[in-house]
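Read through the structure below, which is laid out as structure tokens, and then see the notes.
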């Protein structure tokens with residue numbers, strides 16, 4: 001068990017290291033020169049060169065990479081090209097807002113996904129189930145920002161219940177959280193639904209029936225519990241999706257946050273900020289997946305057995 | 001070593017862990033309980049009132065309607081993409097200055113935007129971008145991803161380990177963010193958008209196909225052709241690839257929808273192309289500023305994206321049901 005723990009941890013570290021490298025390569029090695037873009041089209045070559053020296057992009061790539069990696073290990077993600085502010089400080093200021101959004105949205109998604117999944121299964125084959133499945137398909141095929149726009153149209157413009165933008169208080173949080181939560185709940189709903197439908201055929205259900213347990217109890221206690229436990233596997237995906245969609249949702253609702261900072265930085269070709277933001281998202285994603293994996297080993301004895309077999 | 005979560009969700013197609021590919025339409029898994037459930041076993045509320053035979057018939061007719069409907073919509077979008085001038089009443093550059101932000105009416109079916117451009121025409125002309133993005137991004141990502149996955153799964157050993165570690169790293173960067181990074185560096189253009197989306201969606205194909213190849217590898221017929229002297233490349237091409245063709249077809253179809261959605265997201269963030277033929281994502285960005293006065297400027301372009309992706313997802317799932325031995329009609 002300890003061995004597996006250490007092994008998984010090392011693999012995750014490796015993946016994070018790889019991701020740092022990959023992001024660095026994508027943003028610095030691919031054609032496209034930040035200095036040229038920042039200086040503008042009609043800047044003289046001297047200006048561009050001067051800027052390049054100032055930004056440090058004139059040095060060889062391996063040199064830049066070494067500096068960057070050393071920085072990352074010391075918790076320094078570089079300096080913004082535009083504001084000359086440390087990237088860490090800039091992003092840290094935005095982190096609470098984004099965490100608030102993604103955490104609430106994930107909670108809404110889980111609650112909604114489980115409830116809709118259960119309702120769908122208990123009404124399976126009937127119109128309510130069909131309606132939930134049809135709406136799921138529709139929501140799943142929407143761009144998240146269009147769902148957000150529709151919510152604004154209905155709840156802010158038509159009904160005037162909720163403010164569209166703003167950062168203070170809980171009220172401006174409702175629409176972004178609802179948008180992201182509804183959008184993310186679809187895969188969970190399907191997982192719960194499929195899990196329960198399949199669970200109803202498991203041998204343990206037969207055993208429970210033979211024991212004389214009521215159908216209701218089998219359904220709502222045993223089968224439901226197994227299906228809900230399986231949603232933990234989706235948690236990693238959920239966090240990844242909510243972090244990437246935070247970029248879009250924050251832009252749409254003009255909310256403070258890492259996502260919006262990233263979009264601004266993209267407009268200004270501020271590579272270190274974009275790099276830092278993507279790095280934070282990736283690290284969060286990898287860590288959540290690690291936690292999911294480990295917790296699953298604790299929750300589900302079957303995986304423990306399989307791992308034992310797998311790693312001799 | 002495979003992660004625990006993967007082991008549980010990766011194998012059966014029923015619960016794909018990726019949000020993007022998992023698009024089961026309403027009727028997909030409904031058939032399962034009805035065909036597999038021994039009748040009268042369950043006495044929960046829903047079961048008791050159900051007429052299995054009738055609802056199975058209802059199922060059938062529902063999917064019989066939905067698949068042709070999506071095909072119809074897809075062909076309409078294809079026509080719009082190929083010959084927009086034949087469908088659109090106006091040019092996307094026509095500015096009707098006398099009808100700025102006018103609501104949907106007979107002259108302007110979907111209303112007009114802040115420049116007095118006809119929204120219906122804009123939507124029709126915007127189709128080409130989405131179709132090109134969807135088709136080409138999938139062609140690139142699917143062919144490379146499938147090759148990588150098949151080689152990794154078939155070869156096994158260090159090549160497999162190395163490739164899969166690379167895929168793990170690739171997948172660690174959340175979805176849209178990698179596409180954003182790529183588009184940022186490369187600058188906005190259609191080719192760059194397609195490239196960015198391909199790179200972003202590629203590892204998923206590789207991972208799923210690797211699993212498929214792994215399961216085919218140990219089959220006796222592979223060993224037989226090996227014994228008969230077939231080269232590894234020939235085996236991959238003639239035996240392993242055809243064996244996975246259904247899976248590839250389904251993944252590619254659903255991938256078109258995913259690519260279109262990512263493309264619209266990039267466009268919304270200002271990373272797409274915005275010339276005189278704005279694509280659907282950019283129309284939404286523009287309409288966003290006029291949400292309070294012109295609901296039609298965002299409703300119709302969004303509806304265009306969504307209905308296109310819904311059709312693609314329905315089609316992909318119909319393919320899965322048709323060819324998947326576990327759910328195919330008996």
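Just so it is clear, none of the values below were taken in a lab; they were calculated from the coordinates. Predicted model, so just to flag it, every value in this text is computed and none were measured. Cβ: placed from backbone, ideal geometry, glycine included. Neighbour counts: every protein chain shown.
In degrees, nearest 10, range 0 to 90: what is the angle between the Cα axis of helix A:301-310 and the longest Cα principal axis of chain A?
60
Averaged across A:198-205, how many Cβ atoms of other chains sit within 10 Å of each residue's Cβ atom?
Going residue by residue through A:198-205 and averaging, the value is 3.
Which of the peptides A:178-184, B:78-84, B:277-283, A:134-140 is most tightly packed, and how do the rest follow, going by the mean number of other Cβ atoms within 10 Å of each residue?
Peptide ranking by packing, descending: B:277-283, A:178-184, A:134-140, B:78-84.
Mind pulling the per residue volume of the convex hull built on the Cα atoms of chain A? Å³ is fine.
Dividing the Cα hull volume of chain A by its residue count gives 178 Å³.
How big is D, in µm² s⁻¹, for region A:1-143 by Stokes-Einstein at 37 °C and 0.692 mPa s if Rh is the Kirkwood radius over C-alpha pairs?
162
What does the highest-first list of A:94-100, B:294-300, A:185-191, B:64-70 look like by mean Cβ count within 10 Å?
A:185-191, B:294-300, A:94-100, B:64-70
For peptide A:278-285, compute the average count of partner chain beta-carbon atoms within 10 Å of each residue's beta-carbon.
Mean partner shielding for this stretch: 4.
Mind checking B:162-172 for the average number of partner chain beta-carbons within 10 Å of each residue's beta-carbon?
Other-chain Cβ atoms within 10 Å of each residue's Cβ, averaged: 5.
Along the principal axes of its C-alpha atoms, what lengths does region B:191-330 span, in descending order and rounded to whole Å?
71, 39, 20
Please give the peptides B:123-135, A:214-226 ranked by average Cβ packing (other Cβ atoms within 10 Å per residue), highest first, as a rough proxy for protection.
Highest-to-lowest ranking by the protection proxy: B:123-135, A:214-226.
Work out the FRET efficiency for residue A:89 and residue A:67 from their Cβ-Cβ distance, taking R0 = 22 Å, and round it to the nearest 0.05.
The calculated FRET efficiency here is 0.75.
By how many degrees, between 0 and 90 and to the nearest 10, does the Cα long axis of helix A:87-122 differ from the longest principal axis of chain A?
In chain A, helix A:87-122 runs at an angle near 20 degrees to the longest axis.
Distance from the Cα centre of region A:125-147 to that of region B:190-238, in angstrom?
So the separation of the two Cα centres works out to 33 Å.
Can you tell me the convex hull volume per residue for region A:115-178, based on C-alpha atoms, in Å³ to the nearest whole number?
Cα convex hull per residue, to the nearest whole number: 101 Å³.
Once both axes come from the Cα atoms, what is the angle between helix A:271-299 and the longest principal axis of chain A, in degrees from 0 to 90, rounded to 10?
In chain A, helix A:271-299 runs at an angle near 20 degrees to the longest axis.
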